[in-house]
Amino acid sequence: MSLVSGAQRSAELCSLWERTYHEGIGPALSICPWWSVRIIATGRAPPRNTTVDLNSGNIDVPPNMTSWASFHNGVAAGLKIAPASQIDSAWIVYNKPKHAELANEYAGFLMALGLNGHLTKLATLNIHDYLTKGHEMTSIGLLLGVSAAKLGTMDMSITRLLSIHIPALLPPTSTELDVPHNVQVAAVVGIGLVYQGTAHRHTAEVLLAEIGRPPGPEMEYCTDRESYSLAAGLALGMVCLGHGSNLIGMSDLNVPEQLYQYMVGGHRRFQAGMHREKHKSPSYQIKEGDTINVDVTCPGATLALAMIYLKTNNRSIADWLRAPDTMYLLDFVKPEFLLLRTLARCLILWDDILPNSKWVDSNVPQIIRENSISLSEIELPCSEDLNLETLSQAHVYIIAGACLSLGFRFAGSENLSAFNCLHKFAKDFMTYLSAPNASVTGPYNLETCLSVVLLSLAMVMAGSGNLKVLQLCRFLHMKTGGEMNYGFHLAHHMALGILFLGGGRYSLSTSNSSIAALLCALYPHFPAHSTDNRYHLQALRHLYVLAAEPRLLVPVDVDTNTPCYALLEVTYKGTQWYEQTKEELMAPTLLPELHLLKQIKVKGPRYWELLIDLSKGTQHLKSILSKDGVLYVKLRAGQLSYKDDPMGWQSLLAQTVANRNSEARAFKPETISAFTSDPALLSFAEYFCKPTVNMGQKQELLDLFSSVLYECVTQETPEMLPAYIAMDQAVRRLGRREMSETSELWQIKLVLEFFSSRSHQERLQTHPKRGLFMNSEFLPVVKCSIDNTLDQWLQGNKSLCALCFLDDTGTRLFCSNMFSLESKTNLRRSQNACGFNVSRMGLPGAQTTSSFHLCFSYSWGDVCVHAYLSGQPWEESQLSMLACFLVYHSVPAPRHLPSVGLEGSTSFAELLFKFKQLKMPVRALLRLAPLLLGNPQPMVM
């Protein structure tokens, strides 16, 4: 058996390491918990498990190949810290590592803190300490972090900090500083972030000049010029973001014309400004002459035009970016620049982007469409006039640029048409890679276009975790070797991270600021190896954070405090493409962008409706989404959650029972589980509502509890169950005359008064479905029971207590209970004291001068109330019932009674006049009238 050589095993390990190296970018996007995995550069080769080490010297690897891996790991760690966390300057400095090998991770950590807005709390002195160390990674992370934290503020302290690292912003007589090239690139992008959308003239003028900065003087600015020019173009685009032709005060700069010259080439303009003397000294290494090097300036100028005229639909500028329509002109443009031109043109014509294959193909010039070849053909046509390689490469790059613009247009929307269109092109590019004539286009070009389309797919389905996109990412992840270099793996893992952005809680925005951030992060030129920053600074890949926004809405049951499923009705505002429309979503779900929505409603039938009106502002919903998106919902009576009853069969059965009020008496406690899952209500039904043998008198109480429980679960008022029971128990204690205090009676009286009030009755007429929390049938029963109990106590049983003999003057001559003759005065005093009521009755055979009388006696309730009203002492044993009577009927205190005597009134009208000032209820006065008028029959209203 032949064994693989050590060099081959090392090369295979290096390929696998390149695939694994940049997985830190994936966790940074998806915020996974495994960000801090130690980077290992060794492996074992089967079948002998021979140890292979990349650091052994047997294979040529880039120096410091783990530097950016550590940086990305640090960013992933910092992004796990929520923006709402309480972090101060001391905490940031305290977490600085003591070991030098962790400095790169800490540099990424600082950038992540800035992206989350925490670096605004870092003290200026601490920033100075970090920068004076001279560590390149730390400077890059800190400058980008503080710039992102001060996005669009034009903060002067941060401007001074960044200007130190940009020679073009320093005075010509300033001391020359040895600033690393990558730090200058980060500082230029930082200027664009700080001045985003401000159209600041001086900043725009400097950045415009820096796009075409010539090499020199002497040996300066000779390496990695492409990344600096691109950074200047991106920064200029951010400063003038979306202003279009309304660049006030910049007409003399001729910004669009200058950018167009940087894009197509031509003679270099005379360098103006305070640094013109500096650029007179030529470069000793690069000889470009007076011609613009479009290989350096074209990407930055193209994207600057795209950002300045973003969404302006300016067709004159868009025509500058149209792909050449002749073979002669195609030979003057690099194919990958056609991708950028197509992308820029579509971003300017934002409203023309359509999610279908026909629109994508419409961006391809006619000469390419007519002469395009099928890569599946075995033999290619021969032509001396046409360069098939140029046509094929131009075709795939233009398609990739249109797909990328489609991803920007529908980022975070989960638009099905856009997804199907992009998925089709992704499948096509995967087919082209295995086609017989793939070498005509070039595997590298096809892999680049496939990676761009995959990123576009991930943008459209951002945060959704779409399975088809995940399958594509997994398939491409398994590919190693050949043209599959580090940069393509970086793109695939970025797509995977965007697909699960924020663990499925975040999505992408399509605002101008977000598009600018995504252009910086998803620049479609990928590094060749781990330390490659020639065309694009790797740290800029993390600026996607500025385009991410929380949009996950999670319904939470307010009773159980657990997440649940709920049906949402989302209403979209009308646009030029569609009228106002409604869509149903099952939450938890990612909401569309809020500016597209008119309202969001929690729709029935299982949960109570809840409306969020976005036409009055989105701040309330934004605050909900920023706090984990928790939206509390209330389950309706007779309904079960979607988890307990996915098909809704049990809920429909419960609805049928709930709508039949006649079933209240026949309500069985066993069916309570069809109405609610509250453990307290289930326990109440188990222990208090189930009948047992020989119930006897307890049957009435069991029926009451069952009826009350039925009322609570069907009317969505389970919290009123204790109130029902408390009122019933209070009425029963009053009936047994065991109520020791009147507080409970006071509460019942307040409820009854509100129930019978005019305002409540008018409300019932206006809103019949909005009644009391308590059953309207229960309260009248309570009122009747209290009235009957107090009336029985007041009236008692009338009985004959004595046979009296009185003369014509009313003087009692003899009484069987008195055993003595008394004077008229003493008799009246005795009558008043004991509460006797003397009724004259004519008896047969009675003398004319005298007659027999029957003396009737009444219960102690009558006596106590009469004594109370007369200001005389009463029986102590009846004190509690007397207090209940007085409280319930609002009888005033004796000191508030009329000064004139209460007795002696001959009519109810006269009695009513005496109590007029006391505002005593007529109902209570009717019950007192028999005592005060001498009428033994109570007058009840």
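Quick check: net charge around SER877, other residues with Cβ under 14 Å of its Cβ, Lys/Arg +1 and Asp/Glu -1? Intermediate values should be presented prior to the final figure.
Details: positive: ARG737; negative: GLU738, GLU875, GLU876.
Overall, the nearby charge balance is -2.
How high is the FRET efficiency from SER743 to LEU596, r the C-beta distance, R0 45 Å, rounded to 0.05?
Values: r = 56 Å, r/R0 = 1.25.
FRET efficiency, SER743 to LEU596: 0.20.
Would you mind giving the three semi-axes, in whole Å and largest first, of the ellipsoid equivalent to segment 68-147 according to its Cα gyration tensor? The partial results should precede the final answer.
Details: eigenvalues 56, 43, 25 Å².
Whole-Å semi-axes of the equivalent ellipsoid: 17, 15, 11.
If we sort 300-308, 177-185 on the protection proxy, mean other Cβ atoms within 10 Å, highest first, what's the order? Don't skip to the answer; put the middle values down first.
On the way: 300-308: 28.6, 177-185: 17.7.
Packing proxy ranking, top to bottom: 300-308, 177-185.
Using packing as a proxy for protection, rank 499-511, 597-609 so that the peptide with the highest average count of other Cβ atoms within 10 Å comes first.
On the way: 499-511: 22.1, 597-609: 17.4.
So the peptides 499-511, 597-609, ranked by packing, come out 499-511, 597-609.
Whose amide H sits under 5 Å from the amide H of LEU640, counting only residues 5 or more places off or on another chain, with H placed in the peptide plane?
SER651
Using modelled backbone amide H atoms (1.01 Å from N, in-plane), which distant-in-sequence or interchain residues come within less than 5 Å of THR589's amide H?
The answer is LEU553.
What's log10 of I(q)/I(0) for segment 198-268 at q = 0.12, 0.22 Å⁻¹, Debye sum over Cα points only, no solvent?
Log-scaled intensity ratios, in q order: -0.33, -1.00.
Within segment 112-216, report the trypsin sites (Lys or Arg not before Pro) that DSSP leaves as loop and that have at most 15 other Cβ atoms within 10 Å. Intermediate values should be presented prior to the final figure.
Values: sites: LYS121, LYS133, LYS150, ARG160, ARG201; in loops: LYS133, LYS150.
In loop regions of segment 112-216 (DSSP not H, G, I, E or B), the sparsely surrounded trypsin sites (Lys or Arg not before Pro) are LYS133.
Exceeding 31 Å between C-alpha atoms, which entries from my cross-link table qualify? They are LYS121/LYS468; LYS582/LYS643; LYS311/LYS582; LYS121/LYS601.
Working: LYS121/LYS468 42 Å; LYS582/LYS643 25 Å; LYS311/LYS582 26 Å; LYS121/LYS601 39 Å.
Too far apart for the 31 Å limit: LYS121/LYS468; LYS121/LYS601.
Give the calculated FRET efficiency between ARG758 and MET430 to the nearest 0.05, with a Förster radius of 56 Å applied to their Cβ-Cβ distance. Could the numbers behind the result be given before it?
Values: r = 77 Å, r/R0 = 1.37.
With a Förster radius of 56 Å, E is 0.15.
Return the long-range amide H neighbours of LEU631 (sequence gap of 5 or more, or a different chain), with a cut-off of under 5 Å between placed amide H atoms.
For LEU631, whose amide H was placed from the backbone, the distant partners under 5 Å are VAL554, VAL556.
What whole number of Å gives the distance from the Cα centroid of segment 205-250 to the Cα centroid of segment 455-478?
34 Å
Give the residue from HIS492, GLY504, HIS525 lying farthest towards the positive end of the charge dipole for segment 438-543; charges sit on Cβ (+1 for Lys and Arg, -1 for Asp and Glu) and the dipole is referred to the Cα centre.
Positive-most Cα among the choices belongs to GLY504.
Heavy-atom accessible area per residue, segment 698-765, 1.4 Å probe: how many Å²?
The answer is 56 Å² per residue.
In segment 557-645, what percent of the accessible surface is made up of carbon and sulfur (1.4 Å probe, ligands and nucleic acids excluded)? Before the final figure, lay out each step's value.
Details: 2510 of 4910 Å².
Reported share for carbon and sulfur atoms: 51 percent.
Evaluate the relative contact order of segment 132-270 (contact order divided by residue number), counting alpha-carbon pairs under 8 angstrom at least 6 apart; express in whole percent. Don't skip to the end; give the middle numbers.
On the way: 148 pairs, mean separation 36.1, N = 139.
Taking the mean separation of contacting Cα pairs over the length of segment 132-270, I get 26 percent.
Quick one: pull the percent of accessible area on segment 389-431 belonging to carbon and sulfur, 1.4 Å probe, ligands and nucleic acids left out. Please list the in-between numbers first.
Details: 590 of 1210 Å².
For segment 389-431, the apolar C and S fraction of the accessible surface comes to 48 percent.
For GLY114, what is the net charge nearby, where nearby means another residue's Cβ is under 12 Å from its Cβ and Lys, Arg count +1, Asp, Glu -1? Spell out each step's value before the answer.
Working: positive: LYS121, LYS150; negative: none.
Net of charged neighbours comes to +2.
Identify, among MET327, GLY289, PRO299, the residue whose Cα sits farthest towards the positive end of the charge dipole of segment 282-340, taking +1 on the Cβ of Lys and Arg and -1 on the Cβ of Asp and Glu, with the dipole about the Cα centre.
Selected residue: PRO299.
Using a 1.4 angstrom probe on the protein heavy atoms only, could you order PHE754, PHE419 from most to least accessible area? Intermediate values should be presented prior to the final figure.
Numbers: PHE754 85, PHE419 10 Å².
Output order, biggest surface exposure first: PHE754, PHE419.
Given the peptides 575-581, 536-542, arrange them by the average over their residues of other C-beta atoms within 10 Å, most packed first.
Values: 575-581: 8.9, 536-542: 25.3.
In descending order of packing, they fall as 536-542, 575-581.
Can you give the FRET efficiency to the nearest 0.05 for ALA893 and LYS698, using r as the Cβ-Cβ distance and R₀ = 41 Å?
According to the calculation, E is roughly 0.50.
So how far, in whole Å, is the C-alpha centre of segment 130-202 from the one of segment 430-452?
For segment 130-202 versus segment 430-452, the Cα centre distance is 40 Å.
Using a probe radius of 1.4 Å on heavy atoms only, what accessible surface per residue do you get for segment 464-608? Whole Å² is fine.
Numbers: 5440 Å² over 145 residues.
Per-residue value: 38 Å².
The values are calculated or read from the model by the stated rules, or taken from the named source; none is laboratory data. Remember, predicted model here, so these are calculated numbers, not experimental data. Note that each Cβ is placed from the backbone with ideal geometry, even for glycine, and that neighbours are counted across all protein chains shown. To get the accessible areas, we keep the full protein, side chains included, count just its heavy atoms, and leave off ligands, DNA and RNA. Shrake-Rupley method; radii C 1.70, N 1.55, O 1.52, S 1.80 Å.
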